[in-house]
Amino acid sequence: MKNMTVKHTLNDELMMGYAAGILPEAFNLVVATHLSLCDESRAGVESYEAVGGAVLESTETAKMSSGALADCLKRIKTEQPEVAKAKPSEGVFPNPLQAYVGGDLDAVKWRSLGNGTKQAILPTAKGATARLLFIPAGTAVPDHGHHGTELTLVLQGAFADEVDRFGRGDIEIANEDLNHQPIAEMGEDCICLAATDAPLRFNSLLPRLMQPLFRI
Ligand code: ZN
């Protein structure tokens, strides 16, 4: 799979949050997966990591003994996610995601959402949910708003909504202000990795009734 140019990248908030290691696990997974597809975001995160390290060094040197500082820096260094430098994988799923799923696309245990749409919830810590979404080519996801933040990373195919078109490696950052109806492009089924930190707010009754069942 080619590493095509990514058009929709991370915002500063997410880059900083990721560099600082403070994102919920589900968001961390989406960002790490995006980083292995997007040189621009990876460079951004690396510069935040460098700034973070420099700030730490200048503020802490005065207060801490050199041994304590060395320990601290060492700890930060070892805790830094390896994924930022991960090599792009050959499959549909980049390496950070393969590690979660335990393989590529064929290892996913899908659950039907109706209309050919499927999802697989990935095990992450509480506070945010990560899921894989399979949207058949030409099919729409029910239109919905968001209570919190939703990150959607395209891994295969493409979708379009009120905002733009999103292809492999692109990440859409949706929040309370956005009401959208993503539609998978014709030609190829669309597979996305999405993370939400609050339940979505669906605009029609049926999807709303299904919400507790599917933990959307
Ligand atoms: Zn959404």
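With respect to G157, is the statement that it is away from the ligand (no atom under 12 Å from the Cβ) and either among the aromatic types (F, W, Y) or in contact with an Asp or Glu (Cβ under 8 Å, 6 or more places away or on another chain) (or both) true? Here the answer is yes, as G157 does meet what is asked.
Take the conditions acidic (D, E), closer than 17 Å to C190 by Cβ and under 19 Å from the mean Cα position of the chain (by Cα) and apply them to D104. Does it pass? So D104 passes the test.
Filtered by the rule that a residue be modelled with pLDDT of 90 or more, assigned to a loop (DSSP other than H, G, I, E, B) and open to solvent by 40 Å² or more (accessible area, probe 1.4 Å), segment 105-115 gives K109, W110. Look at Q119 and say whether it is away from the ligand (no atom under 16 Å from the Cβ) and open to solvent by less than 40 Å² (accessible area, probe 1.4 Å). No: the conditions fail for Q119. Look through segment 116-141, keep the residues that are assigned to a loop (DSSP other than H, G, I, E, B) and β-branched (V, I, T), and return whichever of them is nearest to H34 (Cα to Cα). Only one residue tops the list, namely T124. Quick one: is A184 within 15 Å of the ligand (Cβ to nearest atom), modelled with pLDDT of 95 or more and closer than 28 Å to D39 by Cα? So A184 fits the description; yes. Taking (1) over 22 Å from G102 (Cβ atoms); (2) of a type outside the set (K, R); (3) modelled with pLDDT of 90 or more; (4) away from the ligand (no atom under 11 Å from the Cβ) in turn, I191 satisfies each apart from (1). Name the residue that is least open to solvent (accessible area, probe 1.4 Å), counting only residues in segment 141-179 that are in contact (Cβ under 8 Å) with a residue 40 or more places away in the chain, polar (S, T, N, Q) and within 18 Å of N11 (Cα to Cα). So the residue we want is T152. In segment 122-140, of all residues being closer than 22 Å to D104 by Cα and among the hydrophobic types (A, V, I, L, M, F, W, C), the one that is surrounded by the fewest Cβ atoms within 10 Å (Cβ to Cβ) corresponds to A125.
The values are calculated or read from the model by the stated rules, or taken from the named source; none is laboratory data. In this text the structure is predicted, and so the values were computed from the model without any measurement. Positions of Cβ are generated from backbone atoms using ideal geometry, with glycine treated the same way; all protein chains shown enter the neighbour counts. What goes into the accessible areas is simple: the full protein's heavy atoms, side chains included, and nothing from ligands, DNA or RNA. Shrake-Rupley method; radii C 1.70, N 1.55, O 1.52, S 1.80 Å.
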